[in-house]
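Read the structure below first, then the notes.
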Amino acid sequence: MAETRRLFSTPFVIDELQSAAGIAALRQAIEAEHARDGQGVSISNIGGWHSNTRMLEWGGEAARALAYKSMTMADAITQDAKSSQASRFGWVPEMWANVSSKGHANQYHFHPGSFWSAVAYIDDGYGGSDDPALGGELQLLDPRMPMVRMTAPDLRMLDADGKPQQNEISIHPKTGMIVMFPSWLQHAVRPFHGSGTRISIAINLVAALKTG
């Protein structure tokens, strides 16, 4: 009998921020920085405000705590192949904020030079609504695309549960959610149509050999 095996899975992690006070402090720091530097920068964002990448400097203790949480998440799903009991690597975090309103989005991109990337939602902007028409989903793209389907675009490989594999994963954000994925995984944000303001924080973790 033929044996089907599955190779090269792509991990991603969804967790929750536990401190309401921490979320409030992050929001306060972002609003203060937004007021100080209203122009921000333009990278992957289509509209909206993208801060500089120095949030660890201006975000206060709450930003440092969020960076620590992301590093803890990364440690739980990463192993040094040559030192499995005590990794020779540590993480160098980089952090920035995004503020979006109706019609804003982020185009597909990835983060060269980093190992893990994460996004934390300080305010999902939905105002308590679960209406899917509000958009704003985080999209994770199958890294094998488009090569696996170039000659037969309507075919789908079956997953372990016997269902057709998805080409793209949609994650519906909610306030307090944090999502981590490999930095090479292409990701985007669908146009946001909520009436509120979406506030999120992006984090990159660069792997670096420990010096001490």
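Here are the numbers:
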quantity	calculated
Close pairs from segment 51-72: first under 19 Å from R36 (Cα atoms) and in a helix (DSSP H, G or I), partner at pLDDT 95 or above and among the acidic types (D, E), Cβ under 9 Å, at least 6 apart	M55/E33; M55/E94; L56/E94; W58/E33; A63/E57
M95 being closer than 30 Å to L209 by Cβ, part of a helix (DSSP H, G or I), in contact with a strand residue (DSSP E or B) (Cβ under 7 Å, 6 or more places away or on another chain) and at pLDDT 95 or above	no
Of all residues in segment 1-34 being part of a loop (DSSP other than H, G, I, E, B) and more than 20 Å from the chain's Cα centre (by Cα), the one that is surrounded by the most Cβ atoms within 10 Å (Cβ to Cβ)	R6
Close pairs from segment 80-108: first farther than 18 Å from I43 by Cβ, partner part of a strand (DSSP E or B) and of a type outside the set (A, V, I, L, M), Cβ under 7 Å, at least 6 apart	D80/F89; K102/F192
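Residues checked against (1) assigned to a loop (DSSP other than H, G, I, E, B); (2) without any contact (Cβ under 8 Å) to a residue 40 or more places away in the chain:
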| site | (1), (2) |
| --- | --- |
| H111 | yes, no |
| A118 | no, no |
| I122 | no, no |
| A133 | no, no |
| M145 | yes, yes |
| L155 | yes, yes |
| D161 | yes, yes |
| I178 | no, no |
| S195 | yes, no |
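The values are calculated or read from the model by the stated rules, or taken from the named source; none is laboratory data. Here the structure is a predicted model, which is why all the values come from computation and not from measurement. When we count neighbours, we look across all protein chains shown, and the Cβ atoms used for this are built from the backbone with ideal geometry, even at glycine.
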